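None of the figures in this text is laboratory data; all of them are computed from the coordinates on show. In this text the structure is predicted, and so the values were computed from the model without any measurement. Every residue, glycine as well, gets a Cβ built from its backbone with ideal geometry; the counts of neighbours run over all protein chains shown.
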Amino acid sequence: MAGIYIHIPFCKQACSYCNFHFSTSLRRKNELVAALLSETDLRKDYLNNESIETIYFGGGTPSLLPSEDHSDLIKKIYSAFKVSPDAEITLETNPDDISEDKLKNWKDIGINRLSIGVQSFFEEDLVWMNRAHNQQQAYKCIEDSLAAGFDNISIDLIYGIPSPNHSIWKNDLEKALALNIQHISSYCLTIEPSTGGNDDAIPLPGLELVPELRTPRGISRKKLPK
């Protein structure tokens, strides 16, 4: 099985914990898209006609691009590679980027899976992380995505955020599991020196909480290899 990953290194603002390379300016957006289109042509023989099963737009925040750019990139991939008729096409997005018009456009151009950077359902956590969305948007974006017909949704959650107790992380999991989503990616907060953050997070249970919460919901646990 082959897959193609398209990296879009633009973000609306810097999160307090992020140590990735990104730019909050879209000034060179057109140059990047043109380079990706050119690179796709240059790589057209790389996979020896192997079928593409997954296309993934990651970042950064690829949902900052206009849907026309996503469409151009998808069309170019289809013209350069052999793409499976039921290929999974994922777009990473943040709750504040999601609207009814964007959801419709994404569906129309073939995106069939969303990976949403919720990170937390608690306002205090979102403020601490300097996220661009609020608690209400964290819920509404999922409701709107489901209403728009997206039936393959993943959300990101972060644990280990500074907190007086373990209940917030457990409540985050409970809230996530109560939603009709298909996948949850959980990440432990890591404070990197270059971010200027303070490593004052208390040790929190991570996926150890999942077994006791997942049973009635059919959620299975997967862990990335070290």
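Take the Cα of D41, step 7 Å toward its Cβ, do the same at D151, and the gap between the two points is 3.9 nm. Charge dipole (Cα centre; +1 on Lys/Arg Cβ, -1 on Asp/Glu Cβ; no other charges) of segment 75-117 amounts to roughly 300 debye.
Other residues within the sphere of radius under 13 Å centred on the Cβ of K44, judged by their own Cβ, net out at -1 (K and R +1, D and E -1). The alpha carbon convex hull volume per residue for segment 50-171 rounds to 115 Å³. Between N49 and Y139, full extension at 0.36 nm per residue minus the direct alpha carbon distance yields a gain of 28.3 nm.
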